[in-house]
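First comes the structure, then the notes that go with it.
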Amino acid sequence: MELEDLVRLRRARDRMDREYAEPLDIAELARTALMSPGHFQRSFRAAYGQTPYAYLMTRRIERAKALLRKGDLSVTEVCLAVGCTSLGSFSSRFTELVGETPSAYRARSHEASAVIPPCVVRTYTRPVRTPRRRVDPSGNF
């Protein structure tokens, strides 16, 4: 991949980091990177190891975790604050990435992480998508 392409992809990724709560679609992000939507998706995945949508949702869930740790917003309010429009989709993705529901995450104590610098907390609590296991028709993994 050429350096110029990486610079343009970085511009789109930085936009997702800044505007994660805004409604962003692939066509709009591709325009930011000065690429066609298909080329943008393929190039983004090659450069960052995940699709643009997966990256954006990871940023949203990361921010949601911070808001839920504070505890002053409901799960629905957090869902809307991070740019998700469907509580069901938000809860499903949150559970997939974090390993517990948003309500359970909000309800448990986060005092132990309060003394850790925020940059370290973000590094160790970053949501990581685990690949789903696929089963072939013969029953083998």
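Since every read-out is calculated from the coordinates, none of them should be taken as a lab result. Quick caveat: nothing in here was measured; it's all calculated off a predicted structure. Because the Cβ atoms are built from the backbone with ideal geometry, glycine has one as well, and the counts that use them run over all protein chains shown.
Distance between the pseudo-spin-label points of ALA46 and ALA107 (7 Å out from Cα toward the beta carbon): 4.7 nm.
Summary value for the range 3-49: 40 percent relative contact order, contacts being C-alpha pairs under 8 angstrom separated by 6+ residues.
If a spin label sat at a point 7 angstrom from the Cα of LEU73 along the line to its beta carbon, the backbone N atoms of the range 1-26 nearer than 17 Å would be those of 17-24.
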